[in-house]
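The values are calculated or read from the model by the stated rules, or taken from the named source; none is laboratory data. Keep in mind that what you see is a predicted model, and the values were worked out from it rather than measured. When we count neighbours, we look across all protein chains shown, and the Cβ atoms used for this are built from the backbone with ideal geometry, even at glycine.
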There are 2 protein chains.
Amino acid sequence: MKKKSVTSREVAQLAGVSQSAVSRCFSPKASISKKTRDKVLEAARQLGYRPNTIARSLITRSSRTIAVVVSQLDNPFYALTLAKASEYFQAEGYHLLLFLVSDDGNTEGVMSEILESQAEGILMLAASLATPFAQECVDRSIPVVMINRTVDSAGVSQVSSDNYHGGHWAGRYLVAQGHSRIAFLNGLPTSSTGAYRRLGFLDALALEGVSCWAEECGDYRFDKASEATRRLFAKSPYPDAIFAANDHMAIAVIETLRSEFGLRVPEDVSVIGFDDTPVASWPSFHLTTVRQPREEMVATASRLLLEQIREGQLSPVQLTLPVVPVIRSSVRGAV
Amino acid sequence: MKKKSVTSREVAQLAGVSQSAVSRCFSPKASISKKTRDKVLEAARQLGYRPNTIARSLITRSSRTIAVVVSQLDNPFYALTLAKASEYFQAEGYHLLLFLVSDDGNTEGVMSEILESQAEGILMLAASLATPFAQECVDRSIPVVMINRTVDSAGVSQVSSDNYHGGHWAGRYLVAQGHSRIAFLNGLPTSSTGAYRRLGFLDALALEGVSCWAEECGDYRFDKASEATRRLFAKSPYPDAIFAANDHMAIAVIETLRSEFGLRVPEDVSVIGFDDTPVASWPSFHLTTVRQPREEMVATASRLLLEQIREGQLSPVQLTLPVVPVIRSSVRGAV
DNA sequence: CTGTTAGCGCTTTCAG
DNA sequence: CTGAAAGCGCTAACAG
């Protein structure tokens, strides 16, 4: 039933030329006379010929494919990042092989598939990489660039925003606005991103002589963050400020405080997020947050990956891009 | 610089067997003795051998790859749908080749790439398909399933929710709640989805003897929907109810009404959306909406695509899945 | 069960 | 500029 696809040989036959002539017509840099090219293109059109990328990849040893591993696609930050990456690589003639993994979990199964898929590079979006796989990528000289996650393995490039200083700013700012019962809502306990935000935050508090009032974990998820909020506000005195490790959770905090505790933001409780996703700027929330340079991060990561593919293994780099505090009105006393 | 990858021949040599024996070790259904299998696997392990999927695809004529074309990834509805599709196909041993297109625009360039990529099936998510390409897919017997978009071409399968009746319900409900100045906020003028929601809506109003107060277009985008809202409420008397073609825009309407016009929902204006995305249920909005059976839609579409791939072109089907009204409190007089 | 033998559809020397 | 020939790494008959 499956219709046999048209091959270059059939085109050659119809055009009355050799099969290699047909091939040359579809290779940008090959030299061919206008006359034969026209004959070939006409025959190709008649037959509905399209070059078979798989066969081409086999011989050129280049699949022009990037594997992208994403977790948390429900977070608009990563959905938008993926969209940007796709745009970038499409423009460069690369295709994206998409692998979604649940949070930080089993990249295991997926990594084998990637390695067998002959992808020329791997982009990791908010997903972590087990060390043996990182090593195998290095061994096969397949470049890997991670966005917003680190791995303790040399050979892998990493692009992150300055999570530490973002957290640091949040801590300083909350103290400066006169808060004293300041809580932290972490994301995934295993994510390096959250760890750095937390570290910067705690260091800032310590510097100001304030200790962290409470800590909870929301797994970067809306519902988990709501539950964490309930725990934080179960007994009085409750926190007067919360720094959430991302906007998604910060919004959950605000929603829960308002609807379940009748508390106002920022009059009763101040909230700071991280990312600056579109939702943060909605009037209902007007969330003070730490902006990650999303587009710059993905552009940098993509460029890096492409460079490493082209130069056949550039030395890996770790980049940290600056974050920008965005002061809106979810913290009391804001201008 | 690129390290030569290990081939099955090298493994065969080390294991002291033929190259085909190695191949058989990595084909599930091939028969091979435990002894040789062990020898081969050990040799493979030592060398770090991984079968080359590209070479395999070339000979089996099956890439085990699905091309998925998505637009509007910034809409959580589609991000979640994509996530589900990925889960489904990954479980079935298929890989997803991701193509993002801007709204309904140029699928043109992308379709050529897909056809050349040897994908075995095409999943279209909120993206439309130019007729000649649809025809070419049929000619090559590459199954295509579209989710939430239709194309006037036979041979393409389509899974949609019952947009017409969803719109119809919205219209009836708004009239039943006593509204008389009811406006419609459309999505993309070119999308069939929006067209059906509109049609059902207008038919319902007509049935009740009410005419549509005003119509605007928000392109399914947040900012455009805000602008449309401003136009709708620029002069009095303004609408007392709005049906937006999706939740994303409905939320934008609510935000704009509250922050810029000081209007309350539902006391001053009622709002209905479409989709039932997570945001709709946030306490700040508590949006009355029409739920699309998202998971069922994507499961159905994926299953369909897989069936058609396996049976080598099943006759295409058009499925319409029922929607469910979700009554919350963004329409006045709700229970 | 295993090795030998043909290719899959294409790119790429290498002569002409 | 063009054709012939040699594979890319693997699977799939086909004998043994």
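I need the full set of residues from the range B:82-111 which are more than 7 Å from every other protein chain (Cβ to nearest Cβ), touching a helix residue (DSSP H, G or I) at 6+ places or on another chain (Cβ under 7 Å), buried (at least 20 other Cβ atoms within 10 Å of the Cβ) and under 23 Å from residue B:59 (Cα atoms), in order please.
B:89
Would you mind finding the one in A:63, A:57 that is touching a residue at least 40 places away in the same chain (Cβ under 8 Å), surrounded by 18 or more Cβ atoms within 10 Å (Cβ to Cβ), within 26 Å of residue A:312 (Cβ to Cβ) and more than 9 Å from DNA strand D (Cβ to nearest atom)?
Unique residue meeting the criteria: A:63.
Collect the residues in the range A:51-79 that are within 24 Å of the chain's Cα centre (by Cα), at the interface with another protein chain (Cβ under 7 Å from one of its Cβ atoms) and over 13 Å from residue B:80 (Cα atoms), keeping them in residue-number order.
A:63
Could you run through the range A:295-315 and say how many residues are buried (at least 21 other Cβ atoms within 10 Å of the Cβ) and touching a Ser or Thr at 6+ places or on another chain (Cβ under 6 Å)?
Total satisfying the criteria: 2.
Name the strands (runs of 3 or more DSSP E) wholly within the range B:207-274 that hold at least 2 residues that are of a type in the set (D, E, K, R) and either within 14 Å of chain A (Cβ to nearest Cβ) or closer than 16 Å to residue B:167 by Cβ (or both)?
It comes to B:214-217.
Determine if the range A:267-290 includes at least one residue that is surrounded by fewer than 24 Cβ atoms within 10 Å (Cβ to Cβ), touching a Pro at 6+ places or on another chain (Cβ under 8 Å) and under 23 Å from residue A:210 (Cβ atoms).
no
Take the range A:112-128 and flag every residue that is closer than 21 Å to residue A:59 by Cα and either touching a residue at least 60 places away in the same chain (Cβ under 8 Å) or of a type outside the set (Ser, Thr, Tyr) (or both).
A:113, A:114, A:115, A:116, A:118, A:119, A:120, A:121
Can you find a residue in the range B:112-123 that is part of a helix (DSSP H, G or I) and away from chain A (no Cβ under 13 Å)? It would help to see each step written out before you state the result.
Quick first cut of the range B:112-123, residues part of a helix (DSSP H, G or I) only: B:112-116.
Retained after the next criterion (residues that are away from chain A (no Cβ under 13 Å)): none.
The answer is no, given that none of the residues of the range B:112-123 is part of a helix (DSSP H, G or I) and away from chain A (no Cβ under 13 Å).
Of the numbered conditions (1) more than 9 Å from DNA strand C (Cβ to nearest atom); (2) over 20 Å from residue B:59 (Cα atoms); (3) within 14 Å of chain B (Cβ to nearest Cβ); (4) touching a residue at least 24 places away in the same chain (Cβ under 8 Å), residue A:40 fails exactly one; give the number of that condition.
Condition (3) is where residue A:40 drops out.
When you look at residue B:140, is it within 14 Å of chain A (Cβ to nearest Cβ), more than 19 Å from the chain's Cα centre (by Cα) and touching a residue at least 24 places away in the same chain (Cβ under 8 Å), yes or no?
Spelling it out, residue B:140 is indeed within 14 Å of chain A (Cβ to nearest Cβ), more than 19 Å from the chain's Cα centre (by Cα) and touching a residue at least 24 places away in the same chain (Cβ under 8 Å).
Restricting attention to the range A:93-101, does a residue exist that is outside the structural domain of residue A:190 (by TED's automatic domain parsing), of a type outside the set (A, V, I, L, M) and either in a strand (DSSP E or B) or within 11 Å of DNA strand C (Cβ to nearest atom) (or both)?
yes
Quick check on my filter: what residues within the range B:26-36 are near DNA strand C (Cβ under 9 Å from one of its atoms) and either within 14 Å of chain A (Cβ to nearest Cβ) or at pLDDT 90 or above (or both)? It would help to see each step written out before you state the result.
Taking the range B:26-36 as the starting set, the residues that turn out to be near DNA strand C (Cβ under 9 Å from one of its atoms) are B:30-36.
Scanning the range B:26-36 gives no hits.
Which is modelled with pLDDT of 90 or more, assigned by TED's automatic domain parsing to the domain that holds residue A:93 and either under 25 Å from residue B:120 (Cα atoms) or surrounded by fewer than 21 Cβ atoms within 10 Å (Cβ to Cβ) (or both), of A:17, A:69? Outline the logic, then answer.
Working: A:17 fails: assigned by TED's automatic domain parsing to the domain that holds residue A:93.
The conditions single out A:69.
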